[in-house]
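Here, each number is a calculation from the coordinates, and none is a lab measurement. Fair warning: this is a prediction, and the values are worked out from it, not measured in the lab. Glycine also receives a Cβ, built like all others from the backbone with ideal geometry; neighbour counts cover every protein chain displayed.
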């Protein structure tokens with residue numbers, strides 16, 4: 001055994017003088033040395049750290065002086081780089097987007113597999129497809145990933161969520177995926193069906209879509225929550241109104257897929273969320289668009305163009321053409337209220353977790369998770385806390401062994417060319433991505449797009 005700081009030149013010199021061939025490494029350990037480590041726990045970075053990986057699992061992590069590297073380990077010099085855990089997103093959707101097309105006909109094995117690779121390309125190690133997965137395909141893909149025959153971001157699914165009939169997802173092509181329920185008996189039966197599927201969560205929609213659909217009410221979501229808890233499942237609610245959030249907390253909801261978007265969340269609601277340990281996904285990036293009257297700078301990011309086609313980028317730009325200054329002003333005011341709500345929740349100690357709602361039209365999978373991080377920091381949350389929100393915090397909610405650089409965790413990590421502690425946009429400066437200790441071939445993926 002040796003410490004990282006040990007002097008090995010003498011041994012190397014003897015080997016060179018003797019003319020003998022050095023023995024090949026016998027250890028299965030890989031030591032990533034010299035990088036700044038951001039562990040994902042919200043603490044300060046570790047400069048000049050060492051990350052030991054053994055057969056896909058983190059064996060040790062820490063400052064060089066505190067980590068012993070086994071003899072024969074393969075050493076990877078990452079001096080000048082930064083390592084952080086891969087992201088864990090609790091709110092995405094897979095299968096519906098295929099370049100310019102947004103349709104349920106795109107929900108195929110080939111397309112979902114491609115999208116899991118797109119998430120992984122940007123350093124998302126796990127994605128929850130939240131309530132819009134018809135049939136068994138998502139579970140089949142999960143099984144293939146667990147068997148080691150399929151790669152990409154690890155897929156978790158809430159199967160099909162529950163709403164009033166025809167009152168689920170906002171996009172018409174996704175709306176039929178939700179189970180409809182009109183009675184308590186139907187609602188409880190739907191939960192039992194979801195539980196039998198081995199889903200990760202139960203998703204519900206509590207939103208009247210501007211008065212266009214009937215909203216799921218307390219008479220149905222209370223028994224849904226009760227039944228889900230009886231099956232040891234957490235319930236995540238799509239909401240728009242703060243008053244609905246208040247009533248859902250009282251009914252025992254576990255998490256929110258959005259902030260309230262009608263008003264700034266008041267202190268009473270924030271306190272109730274904290275007291276009842278409800279987790280909240282800010283879901284900012286999809287709402288941010290309302291504050292812009294022209295294409296924002298991120299549309300021209302070369303990193304985005306690595307996975308999004310020129311046609312998709314052109315459509316995103318065109319979507320701002322008819323935006324008026326007045327509409328942008330209203331959007332700015334609404335979005336500012338969301339940022340204030342998020343800061344209140346953070347200051348109060350609420351559990352905040354990444355949920356970016358990617359996979360709907362023009363909300364690019366993998367890339368927009370990084371934009372979400374930037375907006376979380378814009379709300380006044382530190383980069384260290386934002387990274388925890390996007391890594392270890394959602395991993396804990398999901399109950400998966402990733403999202404943290406710590407012994408025993410799966411070796412899922414991103415190598416960055418810059419340190420996001422000095423500017424959160426550095427999470428987009430990706431040098432490489434590792435899943436279970438294996439480097440993702442990002443160049444090959446990029447060539448296929």
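Which number comes out as Rg/Rh for region 107-192 once both Rg and the Kirkwood Rh are worked out on C-alpha atoms? Each step should come with its number before you reach the end.
Values: Rg = 14.5 Å, Rh = 13.9 Å.
On the Cα set of region 107-192, Rg over Rh gives 1.04.
Taking region 336-422 on its own, what percent of its Cα-Cα pair distances exceed 16 Å?
Here the long-distance tail beyond 16 Å is 59 percent of all Cα pairs in region 336-422.
Could you compute how fast region 274-422 diffuses translationally, taking Rh as the Kirkwood radius over C-alpha pairs and applying Stokes-Einstein at 20 °C with viscosity 1.002 mPa s? Give it in µm² per second.
My calculation gives 127 µm²/s for D.
Could you list 91, 363, 156 so that the one with the fewest beta carbons within 10 Å of its beta carbon is first and the one with the most is last? Could you put the intermediate results ahead of the total?
On the way: 91 30, 363 19, 156 22.
Sorted ascending by nearby Cβ count, the order is 363, 156, 91.
Helix-only estimate, please: 222 nm mean residue ellipticity of the chain, summing -39500 (n - 2.57) across DSSP H runs of length 4 or more and dividing by its residues, to the nearest 500.
Theoretical 222 nm ellipticity from helices: -10000 deg cm²/dmol.
Computed on alpha carbon atoms, what radius of gyration and Dmax characterise region 179-288, expressed in Å?
Values for region 179-288 (Cα only, Rg and Dmax): 13.7, 39 Å.
How many angstrom lie between the Cα centre of region 397-449 and the Cα centre of region 224-241?
Taking the Cα centre of each part, region 397-449 and region 224-241 sit 31 Å apart.
With 10 angstrom as the radius, rank 132, 28, 183 by how many other C-beta atoms surround their C-beta, starting from the fewest. Before the final figure, lay out each step's value.
Details: 132 30, 28 15, 183 11.
Listed from fewest to most nearby Cβ atoms, that is 183, 28, 132.
Can you give me the Cα centroid spacing of region 80-98 and region 271-343 in angstrom?
18
What nm distance separates the two modelled labels at residue 198 and residue 401, each placed 7 Å from Cα along Cα→Cβ?
In this crude spin-label approximation the distance works out to 1.7 nm.
Of the residues 236, 38, 286, which exhibits the maximal mean-square fluctuation in a Gaussian network model of the chain defined by a 10 Å Cα contact cut-off?
286
Test of understanding: what is the full-extension gain from residue 171 to residue 229, defined as 0.36 nm times their sequence separation minus their Cα-Cα distance? Mind showing how you got there, number by number?
Working: separation 58, 0.36 × 58 = 20.88 nm, distance 2.87 nm.
Once the chain is fully extended between residue 171 and residue 229, it gains 18.0 nm.
How high is the relative contact order of the chain, in percent, counting Cα pairs under 8 Å that sit 6 or more residues apart?
It comes to 19 percent, rounded to a whole number.
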